[in-house]
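Let me begin by presenting the structure, written as structure tokens, before commenting on it.
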Amino acid sequence: MSSSCGTGGCSHGANLESAQRPLITKNKVNEDLQSYWDTIYTVVDYQKNGWFEEVPQQSLDLIHQLNLDKDARILNVGAGTTTLVDFLLKQNFNNISATDISSTALEILKDRLQDNAKKIDWITDDLTNPTLLLDLAPVDLWIDRAVFHFFTEVKDQETYLNLLAQKVKKGGYVILATFNLKGASKCSGLPVRRYNELMLKTKLKDNFDLVESFEYTYTMPSGDTRPYIYTLFKRI
Ligand SMILES: C[S@@+](CC[C@H](N)C(=O)[O-])C[C@H]1O[C@@H](n2cnc3c(N)ncnc32)[C@H](O)[C@@H]1O
């Protein structure tokens with residue numbers, strides 16, 4: 001599989017059969033896209049994916065400064081197999097939802113979390129054609145690392161941004177991390193759109209104040225680097 005995001009390796013370490021709680025699934029997910037991502041998570045050991053972080057330090061630092069209550073509602077969109085969920089649970093956050101188009105990714109994450117998987121709400125849904133997510137109660141924090149940049153079509157961006165505007169409470173926060181303008185033009189074989197601070201600010205429109213942004217160069221498991229921009233917005 002060609003990948004500018006450096007998916008590498010072909011072993012799959014996770015035991016997919018020990019899921020403790022059924023995933024909420026639905027029929028209307030874009031099946032081609034779902035199967036594309038399911039395949040990536042099936043053929044590549046998740047720790048070798050070009051976006052894998054042992055410690056998602058930039059996201060954790062941003063979350064730390066928000067001083068959220070432990071029962072704050074946190075939605076990790078396009079969560080994949082992120083270790084962020086593990087760290088949030090260790091910090092005793094108890095109201096976390098993880099959503100992704102790939103049920104395979106969420107199964108791997110559940111498997112890794114073992115008993116703690118019960119503490120998470122799992123939602124398989126398509127951010128560009130949401131159905132289950134429409135019923136989700138508003139959240140205090142929406143976290144997206146390396147997902148929004150895949151939405152190259154304006155209509156998909158608009159659907160995502162409408163959902164975000166509906167689902168983040170007034171006074172709530174959004175962490176949005178994408179490839180920056182020096183970043184790769186593809187990830188996992190898919191084209192991506194790259195952003196700077198102003199472009200993301202413009203996308204989120206008037207409902208959100210930009211609190212902070214910074215660039216960060218991530219080193220992939222392969223040793224290659226990928227420049228990101230991290231932004232933190234507050235819903236007004
Ligand atoms: C590059 S990975 C990032 C995963 C995770 N956020 C992280 O930082 O480790 C992109 C993730 O977005 C998910 N994704 C792609 N398109 C999606 C869509 N339309 N709706 C929901 N999730 C999507 C993929 O399945 C994948 O898990």
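Values quoted throughout were computed directly from the atomic coordinates according to the rules given, and no laboratory measurement underlies them. Everything quoted here is computed from the prediction, not taken from an experiment. Every residue, glycine as well, gets a Cβ built from its backbone with ideal geometry; the counts of neighbours run over all protein chains shown.
Leaving out same-chain residues fewer than 8 places away, which lysines sit with a Cα under 24 Å from that of residue 182?
48, 201, 203, 205
If each residue of separation counts as 0.36 nm, what is the full-extension length gain between residue 57 and residue 212 once their alpha-carbon separation is subtracted?
Value of the extension gain: 54.2 nm.
Tell me, 182, 203 in order of fewest to most beta-carbon neighbours within 10 Å?
Fewest-to-most Cβ neighbours within 10 Å comes out as 182, 203.
What distance in nm separates the two pseudo spin-label positions at residue 64 and residue 169, each 7 Å out from Cα along the beta-carbon direction?
Here the answer is 2.4 nm between the modelled labels.
May I ask you to list the GluC sites (Glu not before Pro) in segment 102-171 that are in a DSSP loop and have at most 13 other Cβ atoms within 10 Å of their Cβ?
Within segment 102-171, the qualifying GluC sites (Glu not before Pro) (loop, at most 13 other Cβ atoms within 10 Å) are 153.
Taking neighbour counts of Cβ atoms within 10 Å as a proxy for exposure, in what order, fewest first, do 53, 215 appear?
So the residues, fewest neighbours to most, are 215, 53.
Rounded to the nearest 500, what is the 222 nm mean residue ellipticity of the chain from helices alone, with -39500 (n - 2.57) per DSSP H run of 4+ residues and division by all residues?
Value at 222 nm, helices only, nearest 500: -7500 deg cm²/dmol.
Quick check for you: which residues of segment 129-163 have the amide N under 19 Å from the point 7 Å beyond the Cα of residue 182 toward its beta carbon?
146
For residue 32 and residue 162, what is the calculated FRET efficiency with R₀ set at 30 Å and r taken between the beta-carbons, to the nearest 0.05?
It comes to 0.85.
Tell me, 194, 226 in order of fewest to most beta-carbon neighbours within 10 Å?
Listing 194, 226 from fewest to most nearby Cβ atoms yields 194, 226.
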